[in-house]
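Beneath this line is the structure, given in structure tokens, with notes to follow.
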Amino acid sequence: MESVSKSGVHLSIGAEVTCLFGEGRLKDATLSTVASEAPLYLDCVASNIQRFTFPRKVILVFQEDGNLLRGESEILSAEELEGGKTRLQLSKVVWEDMDRRAFPRVTVELPVSLRAVYESKGDTIISVVEGKTEDVSVGGSKVWVHHPVVAGSLVEFYAMLNDSDAIRALGVVAHSDPKGSIGIAFLDYVGASREKLEEFLESKAA
């Protein structure tokens with residue numbers, strides 16, 4: 001079983017939810033707040049949302065009781081509000097508990113470059129961190145990093161599988177260890193990265 005679905009997720013008014021509009025890129029991610037739960041409306045500041053056509057797939061990241069949840073939905077419409085905000089209307093969200101995902105892990109050491117972004121005291125912090133994987137699955141990776149990355153940070157994950165193939169994925173730091181390791185849960189892939197990773201892991205596990 002690749003993932004565990006979670007029902008009964010409650011999004012209270014004002015709760016913060018990260019929206020991922022694009023294909024594995026930080027530039028298409030934005031923080032939003034819940035304006036209404038049923039139907040679900042999210043308010044965000046995203047200047048590029050008006051270039052999209054609807055309905056459009058969206059991935060949501062929400063933290064509940066210390067657990068990270070990944071949701072899939074569609075944006076049905078977008079309405080411009082005062083103050084530069086946009087109100088998004090979403091269809092029903094299908095949630096999965098990212099801490100309970102069960103993907104086969106393969107022990108493999110790969111050089112990794114991470115571009116991380118997180119919020120701190122109202123400011124958006126972006127950093128680039130180098131590291132190496134301890135294990136990898138299609139659901140995520142344990143990575144040893146040269147500098148700490150805050151749990152909850154969104155990261156662009158870039159790794160060379162061999163001399164010619166590289167993968168890119170957008171993930172979230174689910175766990176951060178003071179000893180220097182982080183656990184990344186993948187949210188979405190760029191292009192054919194997932195297929196490349198699956199083939200690579202199959203060859204390593206054979």
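Taken over the stretch 167-177, residues that are closer than 19 Å to Glu134 by Cβ and open to solvent by 10 Å² or more (accessible area, probe 1.4 Å) amount to 4. Taking the stretch 103-133 as the range and being within 24 Å of Lys57 (Cα to Cα) and assigned to a loop (DSSP other than H, G, I, E, B) as the test, only Phe103 passes.
In the set (1) crowded, with 16+ Cβ neighbours inside 10 Å; (2) touching a residue at least 40 places away in the same chain (Cβ under 8 Å), the condition left unmet by Asp99 is number (1).
Evaluated against (1) within 22 Å of Ile182 (Cα to Cα); (2) open to solvent by less than 50 Å² (accessible area, probe 1.4 Å); (3) in contact with a helix residue (DSSP H, G or I) (Cβ under 7 Å, 6 or more places away or on another chain), Thr133 falls short on exactly one condition, (3). Taking the stretch 1-90 as the region of interest, the strands (runs of 3 or more DSSP E) fully inside it that hold 2 or more residues being small (Gly, Ala, Ser) are 29-36, 67-80. For the stretch 156-183, the set of residues classified as without any contact (Cβ under 8 Å) to a residue 60 or more places away in the chain and among the β-branched types (Val, Ile, Thr) consists of Ile167, Val173, Ile182, listed by residue number.
State yes or no: is Arg105 in contact with a Gly (Cβ under 8 Å, 6 or more places away or on another chain) and either under 24 Å from Leu69 (Cα atoms) or touching a residue at least 12 places away in the same chain (Cβ under 8 Å) (or both)? Spelling it out, it is not the case that Arg105 is in contact with a Gly (Cβ under 8 Å, 6 or more places away or on another chain) and either under 24 Å from Leu69 (Cα atoms) or touching a residue at least 12 places away in the same chain (Cβ under 8 Å) (or both). All of Val117, Val136, Val108 fail the test of being touching a Ser or Thr at 6+ places or on another chain (Cβ under 7 Å), among the hydrophobic types (A, V, I, L, M, F, W, C) and at pLDDT 95 or above, apart from Val108.
Do we have Ala185 as open to solvent by 20 Å² or more (accessible area, probe 1.4 Å) and small (Gly, Ala, Ser) here? No; evaluated as a whole, the condition is false for this residue.
Return a yes/no flag: does the stretch 64-76 have any residue that is modelled with pLDDT under 90, of a type in the set (D, E, K, R) and open to solvent by 30 Å² or more (accessible area, probe 1.4 Å). Within the stretch 64-76 (the criterion being modelled with pLDDT under 90, of a type in the set (D, E, K, R) and open to solvent by 30 Å² or more (accessible area, probe 1.4 Å)), the answer is yes, since at least one residue qualifies.
The set of residues from the stretch 30-42 being under 15 Å from Glu74 (Cα atoms) and touching a Ser or Thr at 6+ places or on another chain (Cβ under 6 Å) comprises just one member, Leu42. How many of the residues in the stretch 102-118 are in contact with an Asp or Glu (Cβ under 9 Å, 6 or more places away or on another chain) and open to solvent by 80 Å² or more (accessible area, probe 1.4 Å)? Looking only at that region, the number is 5. State which residue is nearest to Arg25 (Cα to Cα) when the search covers only the stretch 145-165 and only residues that are assigned to a strand (DSSP E or B) and within 19 Å of the chain's Cα centre (by Cα). Checking each candidate, the answer is Glu156.
Looking for something polar (S, T, N, Q), open to solvent by 70 Å² or more (accessible area, probe 1.4 Å) and without any contact (Cβ under 8 Å) to a residue 24 or more places away in the chain - is there at least one such residue anywhere in the stretch 41-62? The answer is yes, given that some residue of the stretch 41-62 is polar (S, T, N, Q), open to solvent by 70 Å² or more (accessible area, probe 1.4 Å) and without any contact (Cβ under 8 Å) to a residue 24 or more places away in the chain.
The values are calculated or read from the model by the stated rules, or taken from the named source; none is laboratory data. From a predicted model like this one, the values you see are computed outputs, not experimental measurements. Glycine gets a Cβ as well: all are built from the backbone with ideal geometry, and neighbour counts include every protein chain shown. Just the protein is used for accessible areas: all its heavy atoms, side chains included, with ligands, DNA and RNA removed. Shrake-Rupley method; radii C 1.70, N 1.55, O 1.52, S 1.80 Å.
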